[in-house]
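Enquirer: The structure under discussion is supplied below as structure tokens; questions concerning it will follow.
The values are calculated or read from the model by the stated rules, or taken from the named source; none is laboratory data. It should be emphasised that the depicted structure is a prediction, and the values quoted were computed from it without experimental measurement. Cβ coordinates were reconstructed from backbone atoms using ideal geometry, including for glycine residues, and neighbour counts include every protein chain displayed. Just so you know, the surface numbers come from the protein's heavy atoms only, side chains and all, with ligands and any DNA or RNA stripped out. Shrake-Rupley method; radii C 1.70, N 1.55, O 1.52, S 1.80 Å.
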Amino acid sequence: MNQSTTLPTDRYKEKAKLILNANYFSSILMICLAPLCYYLLDIKEIIPHTFVIYGVLNILNTLLFYKHKKLIYTFLFTSCIGILSAAIVTLYSGGINSPFTFVLALIVFAGYISTQNYGRLHLFVIILFILFIYFHDVFHFTFRNVVPAKSQDSYSLIGILFSVYILGGIFGKILLTNYNNLYISKREVEKKNNENEVLLKEIHHRVKNNLQTISSLLNMQARNTDNLETKAMLTSSHNRVLSMAIVHEMLYAKEDLSKIEYKDYVTQLGGFLLKSINKNDKDIKFNIDIINIKFNIETAIPLGLIISEFVTNSLKHAFINTNEGSISIQIEKNDPTFYELTLKDNGIGYDTELHCNAKNSMGLKLIKNLTRQLRGTLDKTTSLGDGVTYIITFKEIQSP
């Protein structure tokens, strides 16, 4: 409960309404029971007076809420006088055999309707009281049953009817109202989530279209230039942009907007790069070993750019003197925090690739920067005639 809110939230207002209604109903019922017990059941002591005192105090307590606006005070006072009144009536109407023991269970139920902590407190107090009633002879306490023998059956009927009405007419209504409100809230949240998913899909779709437009412009520029160095730079930029566009395209096409199946992405990216760069139709095979791994967009894009750089470099320079080769891409999770990306080709190795893997190479700089972005480490090995291997250990970047 929010005890200090002067402008309550809708949830607070609803809880206040339920508690106040329960107070009014229980007070009026108790006041009505008092003359019924006094005149009809001939109960002249303690019990009818307790009913009246509870009803009057609880109504005053409820009316005071409109002045101090502290729902917690109202609830605690109602709980205290409710437990005390139920204890007195139970003790003086048969003890453990009194029909009013059902009301003790309702008080526990009322506590749990408020909050779990209050429910536990009520449960603990009521259990102690019931044990006290059962063992009161041990403590040398004596409580006389003030209900006349001829009226005990009628009193039991009234007590049970009172308990059933409180349970069904008040608490049942409270639970039904809470369930309906919860159902309405759930529908509203689902509707908003669906709207957000549609909006997010549209954003991915537009980003993908914009990236493809940029990629197309770069490709046009590359075709219209005669400078081989400029053409190579524009083609590389075109491939990098398209590798990012593929991520947004996959997110747009899938139900899960937060993560993509990375094997599908790498397979699609490899196929695109092979078609784009392998102009001589060499027999280059991709060995992709990625099992049940999904990454969010914050991780998928930089990791995709790293793979794109390696594959592009291998297709361009690793298989110069051969018509066949293989490129292996493996991602595995070695511990709960880090993943390991292994990129390997069986090309001609380091000596021939030196000119494009030098320290000032754009591709290698990009790979190193992207590895740092993934909070990872890069281990590069090569040997003449045995290709190049990159091993990158990295963490998945958490969404903000």
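Enquirer: Any residue at all in region 75-86 that's within 33 Å of the chain's Cα centre (by Cα), modelled with pLDDT of 80 or more and within 25 Å of Gly168 (Cβ to Cβ)?
Expert: First pass over region 75-86, keeping only residues within 33 Å of the chain's Cα centre (by Cα): 75-76.
Retained after the next criterion (residues that are modelled with pLDDT of 80 or more): 75-76.
Going one step further and asking which of them are within 25 Å of Gly168 (Cβ to Cβ), we end up with 75.
Yes, region 75-86 contains a residue that is within 33 Å of the chain's Cα centre (by Cα), modelled with pLDDT of 80 or more and within 25 Å of Gly168 (Cβ to Cβ).
Enquirer: Also, quick follow-up: Looking at region 217-232, which of the residues that are open to solvent by 30 Å² or more (accessible area, probe 1.4 Å) and touching a residue at least 12 places away in the same chain (Cβ under 8 Å) is farthest from Leu303 (Cα to Cα)?
Expert: Per the criteria, the residue is Gln221.
Enquirer: Oh, and also: Only one of these is touching a Ser or Thr at 6+ places or on another chain (Cβ under 9 Å), assigned to a helix (DSSP H, G or I) and open to solvent by less than 50 Å² (accessible area, probe 1.4 Å): Gly169, Gly159. Name it.
Expert: Details: Gly169 fails: touching a Ser or Thr at 6+ places or on another chain (Cβ under 9 Å).
Just one listed residue meets the conditions, Gly159.
Enquirer: Within region 127-154, can you find the residues that are in a helix (DSSP H, G or I) and touching a Gly at 6+ places or on another chain (Cβ under 9 Å)?
Expert: Once the filter is applied, which keeps residues that are in a helix (DSSP H, G or I) and touching a Gly at 6+ places or on another chain (Cβ under 9 Å), region 127-154 yields Ile133, Tyr134, Gln152.
Enquirer: Moving on to the next point. For region 298-331, name all the residues that are within 18 Å of Lys282 (Cβ to Cβ), open to solvent by less than 30 Å² (accessible area, probe 1.4 Å) and in contact with a Ser or Thr (Cβ under 7 Å, 6 or more places away or on another chain).
Expert: Within region 298-331, Thr312, Ile327 qualify.
Enquirer: Of Ile19, Ile28, Ile59, which residue is modelled with pLDDT of 90 or more and under 48 Å from the mean Cα position of the chain (by Cα)?
Expert: Values: Ile19 fails: modelled with pLDDT of 90 or more; Ile28 fails: modelled with pLDDT of 90 or more.
Selected residue: Ile59, the only one of Ile19, Ile28, Ile59 that is modelled with pLDDT of 90 or more and under 48 Å from the mean Cα position of the chain (by Cα).
Enquirer: Out of (1) under 46 Å from the mean Cα position of the chain (by Cα); (2) in a helix (DSSP H, G or I), the odd one out for Pro99 is which?
Expert: The one condition Pro99 does not meet is (2).
Enquirer: In the list Leu211, Leu161, which residue meets the criterion of being hydrophobic (A, V, I, L, M, F, W, C) and under 30 Å from Met362 (Cα atoms)? Spell out how you get there, then give the answer.
Expert: Details: Leu161 fails: under 30 Å from Met362 (Cα atoms).
Leu211 is the lone residue from the list that is hydrophobic (A, V, I, L, M, F, W, C) and under 30 Å from Met362 (Cα atoms).
Enquirer: Select from region 260-276 the residues that are without any contact (Cβ under 8 Å) to a residue 60 or more places away in the chain and open to solvent by less than 30 Å² (accessible area, probe 1.4 Å) and write down the one among them that is farthest from His238 (Cα to Cα). Steps first, answer last, please.
Expert: Initially, region 260-276 is screened for residues without any contact (Cβ under 8 Å) to a residue 60 or more places away in the chain, giving 260-261, 263-265, 267-276.
Now narrow it down to the ones that are open to solvent by less than 30 Å² (accessible area, probe 1.4 Å): 260, 265, 269-270, 273, 276.
Working: Ile260: 22, Tyr265: 18, Leu269: 13, Gly270: 15, Leu273: 11, Ser276: 10 Å.
The qualifying residue farthest from His238 (Cα to Cα) is Ile260.
Enquirer: Give the number of residues within region 227-271 that are assigned to a loop (DSSP other than H, G, I, E, B) and modelled with pLDDT under 80. Break it down into steps so the answer makes sense when it comes.
Expert: To start, the set of residues in region 227-271 that are assigned to a loop (DSSP other than H, G, I, E, B) comprises 227, 254-258.
If we keep only those that are modelled with pLDDT under 80 as well, we get 254-258.
Adding up the residues that qualify gives 5.
Here's the yes/no breakdown for (1) surrounded by fewer than 18 Cβ atoms within 10 Å (Cβ to Cβ); (2) β-branched (Val, Ile, Thr); (3) in contact (Cβ under 8 Å) with a residue 24 or more places away in the chain:
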residue: Glu14; (1), (2), (3): yes, no, yes
residue: Ile43; (1), (2), (3): no, yes, yes
residue: Asn58; (1), (2), (3): no, no, yes
residue: Lys70; (1), (2), (3): yes, no, yes
residue: Thr74; (1), (2), (3): no, yes, yes
residue: Cys80; (1), (2), (3): yes, no, no
residue: Tyr92; (1), (2), (3): no, no, yes
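Enquirer: Test Gly349 against the criterion of being at pLDDT below 85, surrounded by 16 or more Cβ atoms within 10 Å (Cβ to Cβ) and either in contact with a strand residue (DSSP E or B) (Cβ under 7 Å, 6 or more places away or on another chain) or over 25 Å from Lys395 (Cβ atoms) (or both), and give yes or no. If you could, list the steps in order and put the result at the bottom.
Expert: Details: at pLDDT below 85: yes; surrounded by 16 or more Cβ atoms within 10 Å (Cβ to Cβ): yes; either in contact with a strand residue (DSSP E or B) (Cβ under 7 Å, 6 or more places away or on another chain) or over 25 Å from Lys395 (Cβ atoms) (or both): yes.
Taking the combined requirement at face value, the residue satisfies it.
Enquirer: Taking region 272-287 on its own, how many of its residues are on the phi < 0 side of the Ramachandran plot, of a type outside the set (S, T, N, Q) and not in a strand (DSSP E or B)? Reasoning before the result, please.
Expert: So in region 272-287, the residues on the phi < 0 side of the Ramachandran plot come out as 272-280, 282-287.
Those still in the list that are of a type outside the set (S, T, N, Q) too: 272-275, 277, 279, 282-286.
After this cut, where a residue has to be not in a strand (DSSP E or B) as well, the list is 272-275, 277, 279, 282.
Count: 7.
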